[in-house]
Amino acid sequence: MGNNILIVAEEREGTLRKVAYELVTVANAMARELGGAMEACVLGNGVAACADSLAQTGVTQVYCADSPALQHFAPEVFAATLADVIRQAAPAAILFGATGWGKELGARVAAKLDLGVVADCVAFQVEGGTLVFQRPIYAGKAIATVRAKALPVIASMRPNIFPPAPLGDARAPVQAVAVSAVAARSQVIEKVKKEAAAVDLAEAKVVVSGGRGAKSTEGFVPIHELAKILGAAVGASRAAVDAGWIDYSTQVGQTGKTVAPQLYIALGISGAIQHLAGMSSSKVIVAVNKDPDAPIFQAADYGIVADMFDVLPVLNEELKRVLSEK
Amino acid sequence: MNLVVLIKRVPDTETRIQIKEGKVVTDGISWIISPYDEYAVEEALRINEKLGGGKVTLLCLGPNDAKETIRKGLALGADDAVHLNDPAFGNGDATVTAKVLAAALKKMQYDFVLAGKQAVDEDNAQVAVRVAELLDLPHVNSVIKLELAADKQSAQCTREVDGDRDVATTTLPAIITAQQGLNEPRYPSLKGIMGAKKKPIVDWKAADLGLDPATLSAKLETVRVDPPPARPPGKKLAGDAATAAKELVRLLREEAKVI
Ligand SMILES: Cc1cc2nc3c(=O)[nH]c(=O)nc-3n(C[C@H](O)[C@H](O)[C@H](O)COP(=O)(O)OP(=O)(O)OC[C@H]3O[C@@H](n4cnc5c(N)ncnc54)[C@H](O)[C@@H]3O)c2cc1C
Ligand SMILES: Nc1ncnc2c1ncn2[C@@H]1O[C@H](COP(=O)(O)O)[C@@H](O)[C@H]1O
């Protein structure tokens, strides 16, 4: 094992996801302290451009597995191919984005190579020759400090926490990697896209959520409008999801998505502990609720005690006006 | 079919996590089956109810008093359970837990295994996938719809991952992890609760699994646990709805600088 840090870069339809550049920032700091270099790996079909971008981030080597066999996610094939790369690169740490894809692939590769995985990290230190990480547990009700007893270790880093690294002038060599010949007993056969306009909750900079106070599917219309004005993702409380006003994939909380956007706006949400768990590490929280004693106000930076349907029309108009002045 | 469901005991999601000297205080916590594992139990029960016959076995690694949680799963309708109960398993991380679960599954007969997408205590989302790899089984993660082929040799699944939805196929046996949306878990009936007391739970220790405790050393160590950073007190905006809304926009722009 060396002192290098290997980044596993996630792509979507031939473009690197933003979190890949965030991993470069993390890897850079780790490699500097451990006295090693950064390397990166990308797997997919038609990912030459991704490899090219990675090559300009300051890494010393890019591994690129580019093949029609990697068009759709097949856990065994991806894990076996990546394990080959890891064996060759022999890094001190392997970094993934803490996305569904990164966590799933990371777990499978870890078991193959008998490595520990620290998932969902929000901070790290190099201490006593090993890596120490901070990660939320109980969906954010507590923060654990976890030490790798030995290196190498696998870590997945939360998106939107670390600044993305810029591209530089240097160009690292790209090494083509052969796809493992293992059979794909399980594999994705088809991607069913969500609505094109929708913003992914986990990565959104702004999230606008509605709860039982929204009262109906129609009640969500001005919430969707607010989201559109702000370029935000729409979230919901479990009560709104259970009532069938909005898809359950939008649920924020301990048994839904954990989000940490720059701005979280909760409308007609009481602030149950399971909901707070999923959103209270947002940078700025706004709550609109009729009930001055709703627990959500204890988490909110700005609270408005009022009927959300009196607030929303004015808020939407005012935002449109102000944002058009920019 | 013979189905095994991996269930973990976690603090009720209502729990306020109390921390003392860098550790979570577990006294007085009420424990539940991790919510995603409940979807897995429900799906297993429905599969056998539809096909008629078969058996649902719960597999849980946890301390002595995890029995209470296992009984809750039996009350829902599972037939029997295996409790991996040995202090040697106790302080393990996900790596150790997966090794022990895999060793247990090697001794069991099953058509396939269901688990949760993640346990809502440490939110690791890795144990079930690790078990699949250790047993050289395929897996499908984060499933919201599961359809078995007529010959029961394969399954087609709809998954919900990173805001996308996709369709995946797998041969069986496999490990399939449940995501919210897969089904609506039932509540235990009174009859179920009474019946659960008589259902068999076997205890397996490291020796029963042929595991040498020395091989069960964790890769990770939790050094300490802290409460999340406190939020500064917020402000309530004065005036009627319209006034407050306008003031909010100004504050988000000029004070918080987030829009
Ligand atoms: C195992 C388990 C897991 C759970 N996981 C989650 C989870 O992940 N996420 C989650 O959100 N919940 C979760 N819950 C549910 C949680 O306990 C609460 O029931 C839920 O969050 C309540 O949603 P709500 O705030 O929309 O509804 P309520 O608690 O009913 O609150 C509605 C609020 O809207 C306000 N209101 C009503 N009308 C208006 C109006 N016109 N204008 C302004 N305000 C108005 C009311 O004053 C009230 O405060 C979970 C529960 C369990 C048991
Ligand atoms: N101690 C355990 N006993 C049984 N199953 C477990 C245990 N830990 C994790 N699992 C299973 O693995 C899934 C993922 O857990 P985790 O990786 O801890 O988030 C859970 O939803 C369970 O189905």
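What to note about this one:
- Selected residue (only one of B:Ala214, B:Ala244, B:Ala218 is over 27 Å from A:Lys257 (Cβ atoms), out of contact with any Phe, Trp or Tyr (no Cβ under 6 Å at 6 or more places or on another chain) and in contact (Cβ under 8 Å) with a residue 24 or more places away in the chain): B:Ala218
- Checking each residue in segment A:237-248 for being closer than 14 Å to A:Val208 by Cα and more than 10 Å from ligand 1 (Cβ to nearest atom) picks out only A:Ile246.
- Helices (runs of 4 or more DSSP H) contained in segment A:46-133 and holding at least 1 residues at the interface with another protein chain (Cβ under 10 Å from one of its Cβ atoms) and farther than 20 Å from A:Lys18 by Cα: A:75-89, A:100-113
- Residues located in segment A:140-154, provided they are at the interface with chain B (Cβ under 7 Å from one of its Cβ atoms) and in contact with a helix residue (DSSP H, G or I) (Cβ under 6 Å, 6 or more places away or on another chain): A:Gly140, A:Lys141
- Within segment A:208-241, being under 18 Å from A:Leu276 (Cβ atoms) and open to solvent by 10 Å² or more (accessible area, probe 1.4 Å) holds for A:Arg212, A:Gly213, A:Ser237, A:Arg238, A:Ala239, A:Val241.
- Residue check, A:Gln262 within 29 Å of the chain's Cα centre (by Cα) and facing chain B (nearest Cβ under 7 Å): yes
- When we screen A:Glu190, A:Glu225 for residues that are among the acidic types (Asp, Glu) and assigned to a strand (DSSP E or B), the only hit is A:Glu190.
- Members of segment B:213-259 found to be in a loop (DSSP other than H, G, I, E, B) and more than 30 Å from A:Thr145 (Cα to Cα), listed by number: B:Leu237, B:Ala238, B:Gly239, B:Asp240, B:Glu255, B:Lys257, B:Ile259
- Criterion: in the same structural domain as B:Ala115 (by TED's automatic domain parsing), more than 16 Å from ligand 1 (Cβ to nearest atom) and within 20 Å of B:Ala98 (Cα to Cα) - qualifying residue of B:Leu45, B:Leu61: B:Leu61
Okay, residues lined up against (1) under 20 Å from the mean Cα position of the chain (by Cα); (2) hydrophobic (A, V, I, L, M, F, W, C):
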residue	(1), (2)
A:Glu104	yes, no
A:Lys112	no, no
A:Tyr138	yes, no
A:Lys141	yes, no
A:Ala144	yes, yes
A:Ala148	no, yes
A:Ala155	yes, yes
A:Phe162	yes, yes
A:Leu167	no, yes
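- Considering residues of segment B:222-238 that are farther than 19 Å from A:Gly140 by Cα and open to solvent by 60 Å² or more (accessible area, probe 1.4 Å) only, the residue nearest to the other protein chains (Cβ to nearest Cβ): B:Lys236
- Subset tally (residues that are small (Gly, Ala, Ser) and open to solvent by 70 Å² or more (accessible area, probe 1.4 Å)) for segment A:273-326: 2
- Selected residue (criterion: surrounded by the most Cβ atoms within 10 Å (Cβ to Cβ)) from residues of segment A:250-272 that are outside any loop (DSSP other than H, G, I, E, B) and in contact (Cβ under 8 Å) with a residue 40 or more places away in the chain: A:Ala266
- Filter result (among the polar types (S, T, N, Q) and more than 8 Å from every other protein chain (Cβ to nearest Cβ)) within segment B:137-154: B:Gln153, B:Ser154
- Scanning segment A:180-238 for residues that are basic (Lys, Arg) and within 18 Å of A:Val311 (Cα to Cα) gives A:Arg212, A:Lys215, A:Lys228.
- For segment B:155-195, a tally of residues being part of a strand (DSSP E or B) and more than 7 Å from chain A (Cβ to nearest Cβ) returns 9.
- Output for segment A:268-326, where each listed residue is acidic (Asp, Glu) and modelled with pLDDT of 95 or more: A:Asp291, A:Asp293, A:Asp301, A:Asp307, A:Asp310, A:Glu317, A:Glu318
- Checking B:Arg71, B:Arg130 one by one, the residue that is assigned by TED's automatic domain parsing to the domain that holds B:Thr177, more than 16 Å from ligand 1 (Cβ to nearest atom) and closer than 19 Å to B:Gly195 by Cα is B:Arg71 and no other.
- Matching residues, segment B:106-136, being more than 8 Å from chain A (Cβ to nearest Cβ) and more than 10 Å from ligand 2 (Cβ to nearest atom): B:Lys106, B:Lys107, B:Met108, B:Gln109, B:Tyr110, B:Asp111, B:Phe112, B:Leu135, B:Asp136
- Residues within segment B:1-49 that are of a type in the set (Val, Ile, Thr), open to solvent by 40 Å² or more (accessible area, probe 1.4 Å) and away from ligand 2 (no atom under 16 Å from the Cβ), tallied: 2
- Looking only at segment A:274-325, and only at residues there that are assigned to a loop (DSSP other than H, G, I, E, B) and within 29 Å of the chain's Cα centre (by Cα), the one that is farthest from the other protein chains (Cβ to nearest Cβ): A:Pro295
- Search result, residues across segment A:136-190 that are out of contact with any strand residue (DSSP E or B) (no Cβ under 7 Å at 6 or more places or on another chain) and among the acidic types (Asp, Glu): A:Asp169
- Contact map, segment B:23-41: first residue more than 10 Å from chain A (Cβ to nearest Cβ) and free of Cβ contacts under 8 Å to residues at least 12 places away in the same chain, second residue assigned to a loop (DSSP other than H, G, I, E, B) and open to solvent by 10 Å² or more (accessible area, probe 1.4 Å), Cβ cut-off under 6 Å, separation 6 or more or different chains; pairs are B:Val25/B:Gln18.
The values are calculated or read from the model by the stated rules, or taken from the named source; none is laboratory data. None of the values given here were measured: they were computed from a predicted structure. Cβ: placed from backbone, ideal geometry, glycine included. Neighbour counts: every protein chain shown. Ligands, DNA and RNA are excluded from the accessible area calculation, which covers all protein heavy atoms including side chains. Shrake-Rupley method; radii C 1.70, N 1.55, O 1.52, S 1.80 Å.
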